[in-house]
1. Which of ARG210, ARG14 has the fewest other C-beta atoms within 10 Å, and how do the rest follow up to the most?
2. Below 14 angstrom from the Cβ of VAL250, what's the summed charge of the other residues (Lys, Arg +1; Asp, Glu -1)?
3. Cα-based Rg of the chain per 2.2 N^0.38 Å, rounded to two decimals?
4. Would you please state the base-10 log of I(q)/I(0) at q = 0.11, 0.14, 0.19 1/Å for the stretch 123-205, with intensities from the Debye formula using one equal scatterer on every alpha carbon?
5. Cα axis of helix 135-145 to longest principal axis of the chain: angle in degrees, 0 to 90, nearest 10?
6. Give, as ranges by residue number, the residues of the stretch 64-82 whose backbone N falls under 16 Å from the point 7 Å along Cα→Cβ of ILE137.
7. Report ³J(HN,Hα) in whole Hz for each residue of the stretch 361-370, in order, from the Karplus equation J = 6.51 cos²θ - 1.76 cosθ + 1.60 where θ = phi - 60°; Gly and Pro get x.
8. Show that you can apply the helix-only estimate: for the chain, add -39,500 (n - 2.57) for every DSSP H stretch of four or more residues, divide by all residues, and state [θ] at 222 nm to the nearest 500.
Amino acid sequence: MDKKIKIALIFGTRPEAIKMCPLVKKLKENIFFKVYTIVTAQHRQMLDSVLELFEIKPDFDLNLMKPNQNLWELSSDILLKTKEIFEKENFDLVLVHGDTTTASLSALSAFYSRTKIGHIEAGLRTFDKNYPFPEEINRVLVDSVSDLMFCPTDKAVQNIINSGIRKGYYKTGNTVIDALFYVVNNKPVNLDFIGLNNNLKTVLLTSHRRENFGKPLENICLAIKELIKKNKDIEIVYPMHLNPNVRNTVIPILKDTERIKLIEPLDYAPFCTLMKKSHIILTDSGGIQEEAPALGKPVLVLREETERPEAIEYGGVELVGTNKKKIINSVQELLDNKEKYQKMSKAINPYGDGHACEYIEKIILDYFHQD
Ligand code: UD1
Ligand code: UDP
């Protein structure tokens with residue numbers, strides 16, 4: 001091969017950055033590749049903290065985030081700004097990640113530019129267009145324009161096959177496990193700054209999904225308030241997402257409540273340490289559903305549907321939803337029932353062996369060698 005393969009990795013939010021940065025590093029090691037990092041900065045602070053952790057300086061920074069942005073403007077900005085770069089750079093392959101607006105609009109833009117597209121974390125589905133919103137449709141769109149689909153699990157591969165796609169799909173595991181192992185093994189962190197009480201069990205909470213805005217998030221907060229009243233031996237830590245739709249609901253209900261710590265989003269390394277220290281994790285996050293089983297932490301998912309059913313089948317994760325009573329009962333049961341707790345914390349991690357980036361690198365190389 002005389003010419004280097006020009007690969008762009010494009011991402012914009014915290015979870016995409018966490019899952020793409022290890023891949024940027026891996027692909028950069030390969031002498032056959034010329035690797036470019038493009039960030040839309042759909043997120044700003046939460047993206048920058050990950051770039052800093054992995055010591056990655058983007059080649060292009062679109063700097064698009066606006067306060068309380070909406071899907072329409074963000075989408076059109078991504079489409080137009082990526083057009084300029086794609087036309088100028090003429091990449092051989094554009095890699096996008098997951099199901100965000102950055103992923104779907106960058107993939108569409110690359111498709112319009114007649115560029116080959118690879119989808120990292122392909123094949124996830126709930127088969128309900130409203131859960132999660134708008135992510136389910138974003139992932140369907142990305143898979144439908146992709147040439148290479150890197151699926152984390154067998155189920156994800158099967159979803160791709162069932163959708164009628166005949167080639168280009170591979171099972172690689174999820175790069176989030178690569179990121180998690182890298183951070184846990186290389187970036188130890190002291191959590192003293194949070195001021196946890198070591199005599200209490202830590203319950204970690206995160207919630208940020210659009211379909212949970214309003215009443216569902218209110219239910220979550222009210223459930224938490226009752227649980228803290230009933231259980232004097234727990235404390236709840238909630239690193240709040242920066243989205244104002246989250247904060248405007250959470251802060252009025254939970255502020256100044258004894259043994260509830262509302263804190264700023266944590267950098268990824270302290271967050272991993274906090275997951276490791278936690279007794280139970282309550283979340284509507286996608287990424288945390290994948291990481292927690294790898295750390296042996298039981299997860300109760302505060303959503304009606306999940307595109308990550310594997311960990312439920314393996315026993316480490318339970319789908320609870322956003323009904324207040326259901327949340328209270330599920331958390332209480334996990335606090336009281338030692339046998340259930342042991343079982344959930346010993347479940348197997350179905351999301352990969354920490355070498356997904358290597359597998360992806362090899363597949364890309366083979367793909368271009370065959371051309
Ligand atoms: C986005 C993704 C969601 C993903 C989540 C990860 C879409 C439609 N949504 O949702 O799939 O699960 O990221 O966290 O792509 N903000 C800041 N600083 C930041 C980040 C966000 O101030 O670093 C605030 C801004 O006011 C911003 C708002 O949060 O406008 C919403 O950000 P946006 O990316 O549109 O939505 P998320 O809820 O973060
Ligand atoms: N995370 C973090 N700090 C926090 C909360 C979460 O670094 O305060 C990490 C978490 O470990 C996971 C990712 O952010 O890797 C998940 O991001 P988020 O929940 O925002 O998005 P989702 O995965 O739901 O798309």
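1. With the sparsest Cβ surroundings first, the list reads ARG210, ARG14.
2. Charge balance near VAL250 sits at +2.
3. Against the compact-globule rule of thumb, the ratio is 0.97.
4. The calculated log intensity ratios at q = 0.11, 0.14, 0.19 Å⁻¹ are -0.51, -0.68, -0.88.
5. 20
6. 70-76
7. 4, 5, 4, 5, 4, 4, 4, 7, 5, 6
8. My calculation for the chain gives -14500 deg cm²/dmol from helical runs alone.
Where a number appears in this text, it was derived from the coordinates with a stated rule and is not lab data. Remember, it's a predicted structure, so these values are computed and weren't measured experimentally. Heads up, the Cβs are rebuilt from the backbone with ideal geometry, glycines too, and the neighbour counts pull from every protein chain shown.
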